[in-house]
Amino acid sequence: MAKKIVVDPIPRIEGHLRIEAQVGENNVIEDAFSTGTMWRGIELILKGRDPRDAWAFAERICGVCTTVHALASVRCVEDALGIVIPDNARIIRNLMNATQQTQDHLVHFYHLHALDWVDVVSALKADPKETSRIAQSISSWPKSSPGYFNDLQQRLTGFVESGQLGIFSNGYWGHSAYKLPPEVNLLAVAHYLEALEFQKEIVKIHTVFGGKNPHPNYLVGGMACAIDPSRDTAINMETLSMVKKIIDDTMTFIDQVYIPDLIAIAGFYKDWLYGGGLGNYLCYGDFPEHSLEDTSSLLWPRGAILNRDLSTIYDVDPRDMNQVTEEVSHSWYSYSSGDDKGLHPWEGETTPNYTGPKPPFEHLDHEKKYSWLKTPRWNNHPMEVGPLARVLLQYAKGDPMIKDTVNMVLGKLDVGPEALYSTLGRTAARGIECRQTAGFMLHFYNELIDNIKKGDYKTANTELWEPSSWPSDVKGFGYTEAPRGALGHWVHIKNEKIEDYQIVVPSTWNASPRDAEGKVGAYESALRGTPMADPEKPLELLRTVHSFDPCLACASHVFDMNGNEITKVTIV
Amino acid sequence: MDCIDPVSAVAGECVMESKPTYAEIFRQRGLSRRDFLKFCSLTTVALGLAPSFLPKVIHAMETQPRTPVIWLHGLECTCCTESFIRSSHPIMADIVFNMISLDYDDTLSAAAGHQLEEVRHRIMEEYKGQYILACEGNVPMKDDGVYCLIGGDSYKNLLTETAKDAAAVIAWGACATFGCVQNADPNPTGAVPISEIVTDKPLVNVPGCPPIAEVMTSVITHFHTFGTLPELDRMKRPKAFYGTRIHDKCYRRAFYDAGMFVTDFDDESARKGWCLYKMGCKGPTTYNSCSKTEWNDGVSFPIGSGHPCFGCASPGFWDNGPFYKRLADVSFLGTDTNADKIGAVAVGAAAAGAAAHAAVTAVKKRKTGNSDESVQNEG
């Protein structure tokens with residue numbers, strides 16, 4: 001009998017997300033429905049505000065990928081008002097963005113995603129000497145002695161025996177979809193803990209330039225952190241040296257821990273190539289070497305790929321009123337011109353209209369509206385955004401660093417490029433681009449030093465700081481590539497205030513409900529056809545959903561088609 | 001035995017049977033007595049206590065089990081969790097493996113769906129009256145709470161159910177304490193802070209967007225070391241971290257007193273690190289530890305990196321803008337008299353729950369476009 005699985009809350013994401021899936025006789029997912037179960041109304045709250053304050057409000061959209069909305073917002077307001085930022089501000093923003101990408105990907109791999117592949121309890125059975133041998137065979141990372149792993153295993157044993165499993169309570173330990181030998185599980189647990197400690201170091205770069213993390217400070221017109229190597233009241237050689245050391249340590253950690261772990265773990269899952277999904281990929285691009293207008297200067301290019309055809313790259317223009325649109329046929333909003341008609345963000349509307357069941361409820365009606373997410377489309381196509389999209393686009397364009405790293409990873413795994421179109425491919429792409437962004441950190445640090453050497457200390461352009469100097473009615477677009485994918489902000493400024501503000505976030509592209517024509521989004525597409533060993537323990541479903549790094553969050557129950565809860569199983 | 005009475009319990013008096021203590025956990029993990037004592041010394045230092053407190057800390061650590069924590073997320077951005085995991089002393093791994101049992105947390109838990117909900121129910125039952133409920137985020141009240149649905153129910157219902165048998169409730173961050181960005185005008189979801197829903201439990205408010213990592217973890221360490229909540233002020237904030245204004249401890253204070261102000265984000269005054277009061281700094285009215293503890297293991301803080309404080313630990317700060325307008329047209333030449341007056345009035349506002357009033361006043365200001373005056377003057 002076909003079953004309906006409800007996974008809600010979904011942990012290890014940001015925000016609140018619900019997945020309902022129909023599972024066929026052979027436990028293969030036949031159809032899936034993605035529901036964003038929260039709405040905060042920030043677009044409405046931004047109306048009437050001072051545009052110079054918008055970045056702070058927008059930044060609070062997400063504290064996991066903190067910084068990215070602030071960046072998109074200042075770029076958006078500067079675009080509208082015609083403010084050109086100094087070169088140092090461009091470089092510092094790029095450095096902060098690369099820092100965010102790198103830290104966010106590292107945390108995602110080890111703390112949000114690894115437990116979909118790594119069985120923590122199995123690590124208790126490992127031979128620490130063998131773990132040590134494996135560790136030393138794949139990396140020169142110094143923490144690799146038999147004693148180190150033995151000590152960790154003892155502590156882990158004590159933890160499990162205490163009966164208080166904390167964050168590991170009720171995990172799917174012992175699930176048949178876990179494929180790693182105990183020794184590799186122990187290695188991964190060790191690096192889970194090491195990465196947990198190391199991630200907090202990387203973000204100190206935000207603290208240097210933005211005063212704090214999470215939620216560093218930005219400024220319309222540039223950055224507020226002054227530079228002066230002759231004073232201890234501004235960025236000087238002491239603070240720059242801290243930044244440089246963090247960059248060096250980060251590059252080492254990515255090269256010696258993350259990448260070797262990724263390859264080692266993926267090696268045991270290379271037959272599990274489900275979750276490819278749409279095959280359409282969209283990138284706005286980021287990391288400008290000159291201005292944001294000059295898209296040829298972006299280190300991460302802009303473009304779109306359709307149907308996995310890497311031979312054709314389509315031009316993307318988010319300002320084109322016909323290209324990027326959002327409709328609400330299955331979303332809890334209403335449009336004045338009809339819910340099925342896509343609107344460009346500059347014409348966008350945000351009028352909440354919840355028509356779902358009154359809570360508490362067991363099921364949602366997917367024929368009707370079923371999500372707080374709108375449905376974005378590019379030229380009417382559903383698109384996947386994020387690391388896989390960016391890596392594929394760069395691969396297609398022949399970026400040498402990306403080509404080398406992709407080929408190295410594929411070679412070590414002994415699989416062809418088609419393996420990229422999968423859950424595992426998405427996870428691998430994140431690691432590959434993390435190595436790239438760690439390199440960007442060094443690149444922008446060196447660029448900043450070169451500028452300072454030339455005597456350029458300028459960090460902000462305040463010529464248009466006063467609202468009286470602004471045009472009375474303007475529109476702007478700001479973009480970035482967030483860790484989770486293409487992010488756009490669109491603003492309309494009228495008489496010194498925000499008239500309208502629309503945001504299309506990466507997880508809206510990926511997690512959107514289906515459109516009026518029934519075309520599904522990236523999550524829903526990727527989940528179709530995934531076999532599950534035990535629908536009661538939806539490990540494989542979580543694996544694919546987590547590979548997108550969802551930025552929403554929460555809960556789960558398992559039901560059959562008649563809405564009856566199927567037997568609960570106690571785990572651990 | 002009701003072991004963890006956060007108001008009256010004395011450290012070390014309560015022992016829950018059959019659960020390992022910190023000292024036992026150290027032994028189980030093959031760590032020596034020496035390691036354990038070292039850990040206790042570091043904890044004492046981290047809590048800012050005199051060395052004479054060390055025996056008390058050791059006694060508490062030897063006799064108390066790891067307290068279960070259920071960490072719920074409402075309408076929020078997860079910046080509080082992200083800040084928490086940045087703690088440098090103690091580090092996150094020590095907290096979750098040695099100090100507390102973080103049994104339910106959307107952001108880190110391995111389990112999903114009903115298996116995760118099962119953990120929450122088990123903790124509520126097995127540790128009735130003994131677990132800590134930590135909350136991140138606002139509670140949307142409008143339209144039956146449909147703006148935040150978890151497991152097919154509203155966050156409002158989930159929170160009420162989980163709070164019922166908690167020993168104490170910690171409200172993390174601006175959202176849970178006073179109402180953050182969702183709660184800003186026009187508050188489309190009817191978002192409210194925890195204190196409006198949970199009214200019959202000991203509550204700790206830890207404001208900030210987010211709060212400083214070590215401030216967050218100190219609340220946890222204090223509870224587990226002494227078995228009591230830290231001393232709180234009238235707004236239920238730990239006095240140790242929210243007792244004085246950022247302005248009072250700011251290294252730029254001397255420039256304020258001397259009347260030397262930044263007037264442009266890119267001129268000599270900015271590079272010389274003068275006072276940011278004229279750029280809209282809310283340090284004179286904001287009670288937080290940023291200028292003392294600083295952020296991310298003491299690297300910097302907003303003012304230290306040249307940006308004015310926008311008062312993220314204060315009630316209603318989102319509607320007390322625009323951020324870059326100076327607080328009030330007060331005299332500042334050579335004396336701090338007027339700024340201190342602002343602070344004094346802010347303390348007055350804190351009493352008797354005037355926070356909501358301040359927020360409403362601020363909304364009124366924003367709508368009329370007259371925000372140059374300090375809301376605290378009306379508080």
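The values are calculated or read from the model by the stated rules, or taken from the named source; none is laboratory data. Nothing here was measured: the structure is a model prediction, and the numbers come from that model. Because the Cβ atoms are built from the backbone with ideal geometry, glycine has one as well, and the counts that use them run over all protein chains shown.
Scanning region B:294-319 for residues that are more than 11 Å from chain A (Cβ to nearest Cβ) and either among the charged types (D, E, K, R) or more than 15 Å from B:Y242 (Cα to Cα) (or both) yields one hit, B:G316. Only one of A:D116, A:D127, A:D151 is closer than 21 Å to A:I432 by Cα and of a type outside the set (S, T, N, Q); which? Only one candidate passes the filter, namely A:D116. Of the residues examined, A:T462 is not one that is crowded, with 19+ Cβ neighbours inside 10 Å, outside any strand (DSSP E or B) and of a type in the set (V, I, T). A count restricted to region B:86-106 and to residues that are within 7 Å of another protein chain (Cβ to nearest Cβ), within 22 Å of A:P9 (Cβ to Cβ) and under 20 Å from the mean Cα position of the chain (by Cα) stands at 6. All conditions in (1) over 19 Å from A:Y110 (Cβ atoms); (2) part of a helix (DSSP H, G or I); (3) at the interface with chain B (Cβ under 7 Å from one of its Cβ atoms) hold for A:I167, with the sole exception of (1). Among the residues making up region A:136-175, those that are within 21 Å of A:D261 (Cα to Cα) and among the polar types (S, T, N, Q) are A:Q136, A:S137, A:S139, A:S140, A:S144, A:S145, A:N150, A:Q153. Among the numbered conditions (1) touching a Leu at 6+ places or on another chain (Cβ under 6 Å); (2) in the same structural domain as B:D319 (by TED's automatic domain parsing), the only one that B:D266 does not meet is (1). Report yes if some residue within region B:253-270 is touching a residue at least 24 places away in the same chain (Cβ under 8 Å) and under 16 Å from the mean Cα position of the chain (by Cα); otherwise report no. No, region B:253-270 contains no residue that is touching a residue at least 24 places away in the same chain (Cβ under 8 Å) and under 16 Å from the mean Cα position of the chain (by Cα). Per the conditions (1) facing chain B (nearest Cβ under 8 Å); (2) among the aromatic types (F, W, Y); (3) closer than 30 Å to A:A304 by Cα, the sole criterion not satisfied by A:F209 is (3). When A:Q103 is tested against (1) surrounded by fewer than 24 Cβ atoms within 10 Å (Cβ to Cβ); (2) within 13 Å of chain B (Cβ to nearest Cβ), exactly one condition is not met: (1). Scanning region A:345-378 for residues that are without any contact (Cβ under 8 Å) to a residue 60 or more places away in the chain and either within 25 Å of the chain's Cα centre (by Cα) or within 11 Å of chain B (Cβ to nearest Cβ) (or both) yields a total of 10. Given the structure, is B:I123 surrounded by 21 or more Cβ atoms within 10 Å (Cβ to Cβ), touching a strand residue (DSSP E or B) at 6+ places or on another chain (Cβ under 6 Å) and either within 27 Å of B:G179 (Cβ to Cβ) or more than 7 Å from every other protein chain (Cβ to nearest Cβ) (or both)? Judged against the criteria, B:I123 is a match. Scanning region A:188-203 for residues that are buried (at least 24 other Cβ atoms within 10 Å of the Cβ) and at the interface with chain B (Cβ under 8 Å from one of its Cβ atoms) returns a single hit, A:V203.
For region A:204-236, filtered to residues that are buried (at least 19 other Cβ atoms within 10 Å of the Cβ) and of a type in the set (S, T, Y), the residue that is farthest from A:L112 (Cα to Cα) is A:Y218. Of the residues screened, B:H247 is not one that is assigned to a loop (DSSP other than H, G, I, E, B) and crowded, with 24+ Cβ neighbours inside 10 Å.
Taking region B:173-195 as the range and being within 11 Å of another protein chain (Cβ to nearest Cβ) and not in a loop (DSSP other than H, G, I, E, B) as the test, the residues that pass are B:G173, B:A174, B:C175, B:V181, B:Q182, B:N183, B:A191. For region B:279-293, the set of residues classified as at the interface with chain A (Cβ under 9 Å from one of its Cβ atoms) and without any contact (Cβ under 8 Å) to a residue 60 or more places away in the chain consists of B:M279 only.
Does A:P506 meet the test of being at pLDDT below 95, surrounded by 20 or more Cβ atoms within 10 Å (Cβ to Cβ) and of a type outside the set (S, T, Y)? Walk me through how you get there before you give the answer.
On the way: at pLDDT below 95: yes; surrounded by 20 or more Cβ atoms within 10 Å (Cβ to Cβ): yes; of a type outside the set (S, T, Y): yes.
Against the criterion (at pLDDT below 95, surrounded by 20 or more Cβ atoms within 10 Å (Cβ to Cβ) and of a type outside the set (S, T, Y)), A:P506 qualifies.
Here B:A134 meets each of (1) crowded, with 24+ Cβ neighbours inside 10 Å; (2) facing chain A (nearest Cβ under 10 Å) with one exception, condition (2).
Provide a single number: the residues in region B:307-323 that are part of a helix (DSSP H, G or I) and under 18 Å from A:K47 (Cβ atoms).
2
Within region B:145-161, track down each residue that is touching a helix residue (DSSP H, G or I) at 6+ places or on another chain (Cβ under 8 Å) and either assigned to a strand (DSSP E or B) or closer than 20 Å to B:G179 by Cα (or both). Answer for region B:145-161, where residues must be touching a helix residue (DSSP H, G or I) at 6+ places or on another chain (Cβ under 8 Å) and either assigned to a strand (DSSP E or B) or closer than 20 Å to B:G179 by Cα (or both): B:G145, B:C148, B:L149, B:I150, B:S154, B:Y155, B:K156, B:N157, B:L159.
Does B:D144 satisfy the condition of being in contact with a strand residue (DSSP E or B) (Cβ under 9 Å, 6 or more places away or on another chain) and surrounded by fewer than 24 Cβ atoms within 10 Å (Cβ to Cβ)?
Numbers: in contact with a strand residue (DSSP E or B) (Cβ under 9 Å, 6 or more places away or on another chain): yes; surrounded by fewer than 24 Cβ atoms within 10 Å (Cβ to Cβ): yes.
Answer is yes for this residue.
Just one of the listed residues (A:K200, A:K125, A:K143, A:K129) is modelled with pLDDT of 95 or more, within 23 Å of the chain's Cα centre (by Cα) and not aliphatic (A, V, I, L, M), and it is A:K200. Residue-level check: of (1) at the interface with chain A (Cβ under 7 Å from one of its Cβ atoms); (2) in contact (Cβ under 8 Å) with a residue 12 or more places away in the chain; (3) part of a loop (DSSP other than H, G, I, E, B), B:K128 misses just (1).
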